[in-house]
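Worksheet: the structure to be examined is printed underneath.
The values are calculated or read from the model by the stated rules, or taken from the named source; none is laboratory data. Just so we're clear, the structure is a prediction, and the values are computed from it rather than from any experiment. Cβ atoms come from the backbone with ideal geometry, glycine included; neighbour counts cover every protein chain shown. What goes into the accessible areas is simple: the full protein's heavy atoms, side chains included, and nothing from ligands, DNA or RNA. Shrake-Rupley method; radii C 1.70, N 1.55, O 1.52, S 1.80 Å.
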Amino acid sequence: MRMGPDATSAADLVNTLEEAEIRKIPTEYGEEPMARRIARAIVEARSNGRIETTVQLAEIIRSVKRAKPHDIDPSTLTFQALRIAANES
């Protein structure tokens, strides 16, 4: 997701930022209470290779944050925050 051809993508953000910087995105833009654990899981997962798809990222987030019945997908707040951060850069 990006606004223009030269803009930073959400994939660029999750694959290049340090853990603390990743944590700030869902904390500030998504008010995600589990941002620290999500950021740690993203960094750990990318040590096995680049995160290429939204499905991969959603699975990483879901491994940390479980859904309650009839709730929104656990990755929604983080994806929203990444979209905002990518559009601002």
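General observations
- The structure-derived value of Kirkwood radius over Cα pairs in Å appears in the list (i) 15.5; (ii) 12.9; (iii) 13.4 under the label (ii).
- Part-to-part distance (alpha-carbon centres) for region 31-89 and region 9-26, which is given in Å: 10
- In the complete set of protein chains, residue-level accessible area for residue 89 is approximately 70 Å², probe 1.4 angstrom.
- Counting only GluC sites (Glu not before Pro) that DSSP places in a loop and that have at most 12 other Cβ atoms within 10 Å, the longest clean stretch of the chain runs over 53-89.
- Relative contact order (percent, whole number), the chain, Cα cutoff 8 Å, 6+ residue spacing: 43
- The portion of the accessible surface of the chain made up by carbon and sulfur, rounded to a whole percent, is 50 (1.4 Å probe; DNA, RNA and ligands excluded).
- Within the chain, the longest run free of exposed loop sites, counting trypsin sites (Lys or Arg not before Pro) that sit outside DSSP helix and strand states (H, G, I, E, B) and have at most 15 other Cβ atoms within 10 Å, spans 3-49.
- For the chain, built as a Gaussian network whose Cα springs stay under 10 Å, the top-fluctuating residue of 61, 25, 51: 51
- Rounded tilt (10° steps) of 76-88 against the dominant C-alpha axis of the chain: 10
- Taking the longest Cα principal axis of the chain as reference, the axis of helix 54-64 is set at about 40 degrees.
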